[in-house]
């Protein structure tokens with residue numbers, strides 16, 4: 001049972017903005033930084049956002065992260081067909097023996 | 001360039017053990033922590049544990065405590081995951097990922113994944 005809950009799916013047409021939410025609690029998002037990972041079909045995850053809102057070099061600024069309290073969000077603006085993937089939030093969690101936990105995942109579909 | 005290259009696919013019988021390797025290149029191996037994450041078919045990512053490649057400290061997820069061992073060989077810049085008492089539910093793709101030892105948590109590079117199939 002995951003402690004980071006994401007909506008199962010999100011969709012948009014090319015050029016639109018899509019927002020993915022990640023709901024947690026005081027033991028995880030409320031205390032620790034959030035990362036976001038993109039997983040294209042059949043490939044390894046890729047780091048998109050770390051430290052709540054920082055982009056690694058090479059990640060387009062179309063991707064942005066934010067956090068408020070015990071929830072975090074990933075926004076994708078100017079949606080492209082290449083953005084069709086699964087997206088996972090992640091954070092450390094004090095309530096699970098200090099485990100690192102991933103969210104339930106959101107499948108983004110480009111219509 | 002930074003690379004994490006994992007060993008090939010494995011097929012194991014229930015009750016057996018499996019070892020997956022993760023060879024690092026393109027950076028100073030001992031300056032980073034290696035995490036292991038797995039993904040069962042159609043499921044979310046699941047964190048298993050980490051090893052500090054510098055001081056050899058480890059931490060394991062409570063879920064796998066007693067069945068998982070993570071080690072490293074600094075001379076070979078390689079980390080290893082061993083999972084014992086395998087059952088069908090352990091069928092998954094296993095990934096290694098790198099985290100800088102300083103600064104906010106970020107798994108910035110990942111291995112290509114190793115499929116472990118547990119079947120009688």
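Bin by bin, in steps of 5 Å, what percent of the Cα pairs in the protein assembly as shown do you find, going until the bin that has the longest distance? Whole-percent P(r) values from 0 Å outward: 1, 7, 14, 18, 19, 17, 12, 7, 3, 1, 0. Taken residue by residue and averaged, Cβ atoms of other chains lying within 10 Å of the Cβ of B:41-53 number 3. Residue-normalised convex hull volume from the C-alpha trace of chain A: 93 Å³ per residue.
Which of these, B:44, B:67, B:98, has the largest mean-square fluctuation under a Gaussian network model of chain B (Cα springs below 10 Å)? Residue with maximal mean-square fluctuation among B:44, B:67, B:98: B:44.
Which of the peptides A:89-100, A:49-60 is most tightly packed, and how do the rest follow, going by the mean number of other Cβ atoms within 10 Å of each residue?
Working: A:89-100: 19.7, A:49-60: 15.8.
Top to bottom by mean Cβ count within 10 Å: A:89-100, A:49-60.
Mind checking B:93-105 for the average number of partner chain beta-carbons within 10 Å of each residue's beta-carbon? Could you put the intermediate results ahead of the total?
Working: counts 2, 0, 2, 1, 4, 1, 3, 1, 0, 0, 4, 8, 10.
Mean partner-chain Cβ count within 10 Å for B:93-105: 3.
The mean count of C-beta atoms from other chains within 10 Å of the C-beta of residues in A:99-109, rounded to a whole number, is 4.
Each value in this text was obtained by applying a stated rule to the coordinates, not by laboratory testing. Predicted model only: the values in this text are computed from it and were never measured. Every residue, glycine as well, gets a Cβ built from its backbone with ideal geometry; the counts of neighbours run over all protein chains shown.
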